[in-house]
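The block underneath contains the structure these notes are about, expressed in structure tokens.
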Amino acid sequence: MVKNHSLSIIFCAVLAGCGGSSDKAEQQETVNVPLDSKFYGVWSIDPLVHVAISKDSITTFALDEERGCYESGLFQVNSSTESSLTATDIQSGERATSNFQLQGSDLIIEEDGYMLSFSKANSFNPYPGCESFYGVENVEVKLELSYLPSYITINRNAQKYGYVEYDYGINFDINKNGVLDSGDISINVKHYKGADDYTDNHEISIAELGSKIWTLLPQHQTDSITSTTDSNEDNNTVQLTQTGNSLILNFDTNQSSLLAHISEDTPVQVSTYLSYPQPEPEVLEGWQDGPWNWSSKIHRDFLPEQGFTQPSLYPEMVIDDATTDLTEGESMWVDIKSVQFKFTK
């Protein structure tokens with residue numbers, strides 16, 4: 001077993017800014033030449049350290065054996081060459097330069113004289129996370145739509161197998177670089193046709209679909225980002241309830257090490273999506289809205305319409321949205337009315 005003091009040395013050797021320059025970043029530099037994509041992906045010294053490398057960010061995960069939890073580090077890329085990058089720690093503001101090379105199938109990272117060898121890793125689950133940087137223990141999000149029915153139909157015959165039918169997402173720009181990319185977290189209520197062994201044309205409440213924590217990570221040696229979750233892990237499960245036209249999501253910050261970085265100042269974006277080809281013409285009595293009102297196949301909405309916003313900027317952290325302003329389609333089922341955040345410390 002590696003002692004905690006040894007772990008700290010290993011961890012700092014792969015963190016831009018830990019053991020590197022202590023100068024604070026005054027402003028973001030221009031990325032002139034992107035890091036070669038052959039270095040992208042998730043790499044590990046298993047199970048102690050994982051590092052996720054992409055064009056615009058680095059995310060690190062380290063197991064603290066004494067506390068039995070994962071710490072994470074988030075770094076924005078300031079400048080790069082094909083084989084090196086300079087990145088800033090978003091918590092401390094410190095920056096340092098790391099150099100990369102491949103030896104066979106292993107990645108060698110060098111920084112300030114330290115050299116470490118990493119192996120290709122699959123996506124993994126950084127659970128449990130260590131304590132929050134901001135003292136946040138629990139987060140509740142209340143998403144109010146213009147209308148939500150008491151039940152929906154999934155695995156419709158008109159839908160193609162494997163396609164997303166429903167997706168309600170709370171997206172956290174944890175690395176604060178203005179885009180949803182590697183190192184960020186999404187909390188999603190999502191269903192793909194054919195998932196979870198439901199029968200065709202199955203009627204179910206949205207709450208019964210459940211909600212999961214999705215981690216965004218770079219794909220190996222490509223300039224692509226993938227969203228991943230482990231459906232078999234209870235720690236990825238988010239408590240989900242429906243009250244009238246609202247979905248209420250509740251989760252603890254130790255369910256992922258990345259959640260240690262969120263607070264009321266974290267940039268957020270809410271997204272909703274519904275794919276409903278060949279809507280049925282029958283009117284359901286008592287429903288305010290349904291397929292008989294729709295002419296579009298795809299329905300979606302965003303709050304804000306572009307980019308991100310911060311809950312702390314709004315009274316009681318309630319962010320209102322104009323109704324009937326969908327980005328695409330007509331369905332009230334995805335028309336965002338408001339979202340409220342509660343951070344319990």
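Results, tabulated for the structure shown:
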item: Fully extended contour minus Cα-Cα distance, from GLN288 to ILE108, at 0.36 nm per residue; result: 58.9 nm
item: Cut-off 14 Å between beta-carbons: net charge of the residues surrounding SER117, Lys and Arg +1, Asp and Glu -1; result: -3
item: Virtual paramagnetic centre 7 Å along Cα→Cβ of ILE298, amide N under 14 Å, in the stretch 249-288; result: 272-277
item: Separation of the VAL33 and GLN242 label points, Cα + 7 Å toward Cβ, nm; result: 5.5 nm
item: Neighbour cut-off at most 16 other Cβ (10 Å), DSSP loop, trypsin sites (Lys or Arg not before Pro), the stretch 63-123; result: ARG67
item: Value at 222 nm in deg cm²/dmol, rounded to 500, when DSSP H runs of n ≥ 4 in the chain each add -39,500 (n - 2.57); result: -1000 deg cm²/dmol
item: Rounded, prolate or oblate (a/c below 1.5 giving rounded, otherwise prolate when a/b exceeds b/c) for the stretch 170-264 by Cα gyration tensor; result: oblate
item: Principal-axis tilt of helix 4-14 within the chain, Cα atoms, nearest 10 degrees; result: 80 degrees
item: Relative contact order computed over the chain (Cα-Cα under 8 Å; 6+ residues apart), in percent; result: 18 percent
item: Loop-located trypsin sites (Lys or Arg not before Pro) in the stretch 125-181, at most 14 other Cβ atoms within 10 Å (DSSP); result: LYS160
item: Inter-centroid distance (Cα atoms) of the stretch 184-205 relative to the stretch 297-325, Å; result: 24 Å
item: Net charge of Cβ neighbours under 11 Å - reference GLN159; Lys, Arg +1; Asp, Glu -1; result: +2
item: For the chain, size of Cβ-based charge dipole, Lys and Arg +1, Asp and Glu -1, in debye; result: 420 debye
item: Cα-based radius of gyration of the stretch 138-344 once divided by 2.2 N^0.38 Å, which approximates compact folds; result: 1.01
item: log₁₀ of I(q)/I(0) at q = 0.12 Å⁻¹ - the chain, Debye sum with one point per alpha carbon; result: -0.89
item: Mean shadow area of the stretch 67-162, taken as a quarter of the surface of its Cα convex hull (nm²); result: 12.9 nm²
item: Top positive-direction residue, dipole computed over the chain with Cβ charges, set LEU116, VAL136, GLN103; result: GLN103
item: Pairs from LYS193/LYS297; LYS212/LYS342; LYS38/LYS190; LYS38/LYS120 whose Cα-Cα separation, in the structure shown, is over 21 Å; result: LYS38/LYS190
item: Segment LYS120-GLU65, extension gain: residue separation times 0.36 nm, minus the distance between their alpha carbons; result: 17.6 nm
item: At most 14 other Cβ within 10 Å, DSSP loop - chymotrypsin sites (Phe, Trp or Tyr not before Pro), the stretch 273-343; result: TRP287
item: Residue range of the chain that is longest and free of GluC sites (Glu not before Pro) which are both DSSP loop and sparsely packed (at most 16 other C-beta within 10 Å); result: 138-232
item: Area projected by the alpha carbon convex hull of the stretch 288-334, averaged over all directions, nm²; result: 4.1 nm²
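FYI, it's all coordinate maths here, none of it is from the lab. Since this is a predicted model, take the numbers as computed values, not measurements. Note: ideal-geometry Cβ built from the backbone for every residue, glycine included; neighbour counts use all protein chains shown.
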